[in-house]
Amino acid sequence: MSTVRRPDHRSEQHSGHRSARSPHSAGLRHVLTHLITPLLMCIGMGLAYLGAFAHPAPHQLPVAVVGSGHSAQLLAQSINDKAGGDLEVRTVGDRSAAVARLKHQDIFGAYVIPAKGATTGAAKGSSGGVSGAGGAGGAGAEGAEAGPSKAAPELLVATAGSDTSASVVQKVFTPIAAHQGAPLKVTDVAPTAEDDPTGQGIFFLLVAISIGSYASVAVIGGAGAVLPVRWRAALAIGTSFVVSLIGTAFAGPVFHLVDHGLRGLWAMAWLYSAGILLIGTGLHTFLKRWTTLGVMTLFVMLNFTSSGGIFRPEMQNGFFASLHSFWNGAGFVEGTRSHVYFDNYGLTGHVWTLVWWLVAGLLMVGVAALAEKWRRTAEAEAAANAAAVAAAAVAATVPEPAAKRESRTVRSARTAGGAGADAREGAADVNEAAEADVEMEMEEAVGV
């Protein structure tokens, strides 16, 4: 006796629910995968910014005591002993030598001890006694006498080099002057531009140029992935030219961060931007959608924090202080300061820093071009091998009667047509996914 098996509605219902959930599961995995990038950005930014800026403190900050006598040496030694390595105090013979060292950024403050016996103010009027008959005497004054006051010590600073360092130096020497019973006179030998009183406008200009540069990498590397590497490199250089012009406009006519030297500032801005764009364009060949995280690590997390725009390396820990000596952001900030405020002293070294980063970008693009050429060659060889195997398989088949062969040919054509349609649909899906990844990468290229 045969039994008729009834359809299992529960199994069909369960299968329907599973098929309905599968697209959502795939979409959820896609979103979670892309969430990794912003979360890593959050961790990296927190570690970099808080690690560099949370606890600023001087580390062997060079300052000077001006004077050639024994008292100057004793004061310098006393400050060194009390500072415990925070300061590096030296003596300078005279005030003019101290000013020169400040403008060369060899020191960041100079305490000028007033000469012994120096006073301010002068006695006014005179006094005298007049004797008269009968032994009577009197005294009269023709004017009030103003007593002499002690000369005030002077602190020389250069706020254009670093406003925060100048503030730290002032906090160090103000109590010393008070202990000597005189107010401290502060003289700025290298002031900043009138519209940039803290001197930090150059740092925020660095931020603007950096964002314009590394955000353009996502567009050139993502949307321009179909273009040859040499075209993408040309786009990177052209984009850096535009970004540098925008930065120069901000620095000059828009916000008046600097009042001269705009041509030199533009040249350094172009070198800086071109280096970032070329390095990012080359990296995109290898990192793909992780490129945004890579360039943010290089040119935001490690770059802004070591540039010296907020705190100089003498105010930071050893890691960021060491990066300051060769990172491109430090080259731009210090190069601009040197060009605008310090008569180009040390400018050559900072420009060479920017040039070497540009050379690194050109090398990165060259490596990317070789990698893509090798990849295309490997894909062409694989396709040729697959075609050869298919041709050999067709040639090895036994010939069939014409009618059967014609029928098989018709069926194969239909099958091929269906497969072609499926392939076109699959390619469309792949293209849509690629476009979605490019759009996601561009959206992830956010500022700080």
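The values are calculated or read from the model by the stated rules, or taken from the named source; none is laboratory data. All of these numbers come straight from a predicted model, not from anything done at the bench. All Cβ positions, even for glycine, are placed from backbone atoms using ideal geometry, and neighbour counts span all protein chains on display. Ligands, DNA and RNA are stripped out before the accessible areas are found, and what is left, the full protein with its side chains, is counted by its heavy atoms. Shrake-Rupley method; radii C 1.70, N 1.55, O 1.52, S 1.80 Å.
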Task: Theoretical gain in end-to-end length, Arg375 to Leu245 [0.36 nm per residue, Cα-Cα removed] - done: 43.1 nm
TODO: Quick one: what are the phi-derived ³J(HN,Hα) couplings along the stretch 75-83, Karplus 6.51/-1.76/1.60 with θ = phi - 60°, whole Hz, x for glycine and proline?
DONE: 5, 4, 5, 5, 5, 4, 5, 6, 6
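Grab the Cα-Cα distance for Phe204 and Arg230, subtract it from 0.36 nm times how many residues apart they are, and report the gain in nm with one decimal.
Taking 0.36 nm per residue and subtracting the Cα distance, the gain is 6.2 nm.
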Task: Cα→Cβ-extended label distance, 7 Å offset, between His55 and His34, nm - done: 4.0
TODO: Mind listing the long-range amide H neighbours of Leu61? Cut-off is under 5 Å, sequence gap 5 or more, other chains count too, H placed in the peptide plane at 1.01 Å from N.
DONE: Leu87, Glu88
Task: 3J(HN,Hα) from dihedral phi, the stretch 302-307, Karplus parametrisation 6.51/-1.76/1.60, rounded to Hz, x for glycine, proline - done: 8, 8, 4, 6, 9, 6
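Mind checking the per residue accessible area of the stretch 285-336 for me, 1.4 Å probe, whole number of Å²?
Details: 1380 Å² over 52 residues.
Dividing the accessible area of the stretch 285-336 by its residue count gives 27 Å².
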Task: Extension gain (nm, one decimal) between Ile43 and Arg263, 0.36 nm per residue minus Cα-Cα - done: 75.4 nm
Task: Val359 paired with Asn344, simple spin-label distance in nm, labels 7 Å along Cα-to-beta-carbon - done: 2.2
Open item on the list: Under the rule a/c < 1.5 gives rounded, and otherwise a/b versus b/c splits prolate from oblate, where does the stretch 298-366 land using the Cα gyration tensor?
Closed with: oblate
